[in-house]
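Below is one structure, written out as structure tokens, with a few remarks after it.
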Amino acid sequence: MELYAPVLVLAAIGAAFVGVSMVVGSIAGPKRYNRAKLQHYECGIEPTPQPAGGGRFTIKYYLTAMLFIVFDIEIIFLYPWAVHFDELGVFGLIAMVLFLVNVSIAYAYEWRRGGLEWE
């Protein structure tokens, strides 16, 4: 249990900081509410009314999210490999090179199709 004590202490300090910040912010912050402050924020532009069903998003949003997930997973696999590089030997090196080749092919394919460009 003593190995987890620093983690628990840090989590408690973080939770206390969040709680104190929220309480102090609600007490000390200005309370000038108006119609504009109560509306949803849309990057500084006027909010547009949404249809009853919620409207449709372009497929570009979903493709971008999927690309983010693919390259995020790549980093998740690269980190433990880099930490235990010496212990894995040649097999680990070959496996990671094959993985990186696969991801690089997917990246090049998406780049050539224009999936990384915004209109």
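Figures for the structure shown
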quantity	calculated
10 Å Cβ shell holding at most 16 others, DSSP loop, chymotrypsin sites (Phe, Trp or Tyr not before Pro): longest site-free stretch of the chain	58-117
Mean ellipticity per residue at 222 nm, deg cm²/dmol - from DSSP H runs of n ≥ 4 across the chain, formula -39500 (n - 2.57)	-24000 deg cm²/dmol
Residue among PRO80, PRO49, PRO30 with the largest mean-square fluctuation in a Gaussian network model of the chain, springs linking Cα atoms under 10 Å	PRO30
Residues LEU10, LEU3 arranged by fewest to most Cβ contacts within 10 Å	LEU3, LEU10
Residue exposure sequence - LYS37, LYS60 - by fewest surrounding Cβ within 10 Å	LYS37, LYS60
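Any read-out appearing in this document is the output of simple, stated calculations on the displayed coordinates, not a laboratory observation. All figures in this text were calculated on a predicted structure; none of them were measured in a lab. Reconstructed Cβ throughout: ideal geometry from the backbone, glycine too, with neighbour counts over all protein chains shown.
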